[in-house]
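So the structure is just underneath, and the comments pick up after that.
The values are calculated or read from the model by the stated rules, or taken from the named source; none is laboratory data. These numbers were taken from a predicted model, which means no experiment stands behind them. When we count neighbours, we look across all protein chains shown, and the Cβ atoms used for this are built from the backbone with ideal geometry, even at glycine.
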Amino acid sequence: MTKYINDLVTELKDLKKGIGTNAALWARMPVTEAQLETAIDALEAQETAIDSAAVALQQQRTLGRNITEQYKPLAAQTENLASGIHATNTEKLLDYGIKLRKDASTIPVPAKAVIASILDDYDGEGFIVTYQQLEHADSFEVEKGMAPTPDVMVLQPPYSHYKTTKKLTFTDDDVKRGQRYFYRVRGFNRNGYGEWSEPVSRVQ
C-alpha cells in the first residue's frame with residue numbers, strides 16, 4: 001500500500017512543480033498548486049498513520065508471543081495431570097480437549113503437495129505463494145529457483161532451499177523485476193518427506 005502512496009505523492013509533486021514553473025499558463029485552470037499540495041499532505045499523513053500502525057501491530061505480535069510462551073507451561077502441566085488422572089478413560093480425556101496421540105510410527109509420510117496459487121504481492125513487489133493443506137504434514141519445505149531468462153517455462157532441479165514453515169502461504173519479497181522465479185513445496189513429518197509439488201513460476 002505505501003508503495004502506491006509513494007508513487008502517487010511523487011507524481012503529484014512533479015505535477016505541482018510543473019504548475020509552479022509554468023504558473024502564468026495555469027492561472028485560469030481548474031487545478032491549482034494548492035489543491036495538489038492538499039492532496040500531497042493528505043497522502044503523506046496517511047502514510048505516516050500506516051507506518052505507525054505497522055509498528056504498533058508488530059509490538060502487539062511480540063506481546064502476544066511473550067504471553068503465549070508464559071502460559072504454555074501451565075497448559076502442558078494441566079494436560080499432563082489430566083492425562084494421569086484419566087489415563088485409561090479416553091472419553092474423559094475428550095472433556096479436556098485431549099486426544100490420544102497416534103503412534104508416530106504408524107503415521108504415513110504426506111502425499112504429493114499442491115501449490116494452489118502464485119500471485120503478485122499487494123504492494124506490487126514480490127510474490128504470495130499459497131499451497132493446499134496436506135494430511136499428515138507437520139511442516140513444509142519450500143525451494144526456489146531462478147530462470148536464466150524470463151521466457152524459460154521449465155526449470156530443471158536442483159532448486160535452492162528457501163524456507164521451512166508450518167504455514168500454508170508465504171511472501172517472497174527477494175525478487176527482481178523482469179526475472180522469472182520458480183517455487184516448489186513438499187510436506188514432511190517425523191517419518192519422512194512427501195513428494196515435491198509441480199513447480200509454479202511467475203515474472204515480477
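Among the residues of region 115-125, are any in contact with a strand residue (DSSP E or B) (Cβ under 6 Å, 6 or more places away or on another chain), closer than 30 Å to V203 by Cα and among the hydroxyl-bearing types (S, T, Y)? Yes, the conditions are met somewhere in region 115-125. Looking only at region 1-31, how many residues end up being of a type in the set (F, W, Y) and either outside any helix (DSSP H, G or I) or farther than 30 Å from Y122 by Cβ (or both)? Residues flagged as of a type in the set (F, W, Y) and either outside any helix (DSSP H, G or I) or farther than 30 Å from Y122 by Cβ (or both) within region 1-31 amount to 1.
How many residues does region 172-194 contain that are within 16 Å of E143 (Cβ to Cβ), part of a strand (DSSP E or B) and not basic (K, R)? Step through it out loud before you land on a result.
Step one: of region 172-194, the residues within 16 Å of E143 (Cβ to Cβ) are 172, 174-175, 180-188, 193-194.
From what is left, the residues that are part of a strand (DSSP E or B) are 172, 180-188, 193.
Remaining after also requiring not basic (K, R): 172, 181-183, 185, 187-188, 193.
So the answer is 8.
Among the residues of region 107-163, those that are hydroxyl-bearing (S, T, Y), part of a strand (DSSP E or B) and either within 15 Å of S197 (Cβ to Cβ) or under 13 Å from the mean Cα position of the chain (by Cα) (or both) comprise S117, T130, Y131, S139, Y162.
State yes or no: is D138 of a type in the set (D, E) and modelled with pLDDT under 95? Taking the combined requirement at face value, the residue satisfies it.
Out of E125, E143, one residue alone is surrounded by 13 or more Cβ atoms within 10 Å (Cβ to Cβ) and in contact with a helix residue (DSSP H, G or I) (Cβ under 9 Å, 6 or more places away or on another chain). It is E125. Note on region 146-195: residues that are surrounded by 14 or more Cβ atoms within 10 Å (Cβ to Cβ) and of a type in the set (D, E) amount to 1. The single condition from (1) on the phi > 0 side of the Ramachandran plot; (2) modelled with pLDDT of 95 or more that G124 fails is (2).
Here the condition is being among the acidic types (D, E), part of a helix (DSSP H, G or I) and within 22 Å of G124 (Cα to Cα); of E79, E91, E69, E44, it holds for E44 alone.
Out of L25, L63, L93, L43, one residue alone is surrounded by 14 or more Cβ atoms within 10 Å (Cβ to Cβ) and modelled with pLDDT of 90 or more. It is L43.
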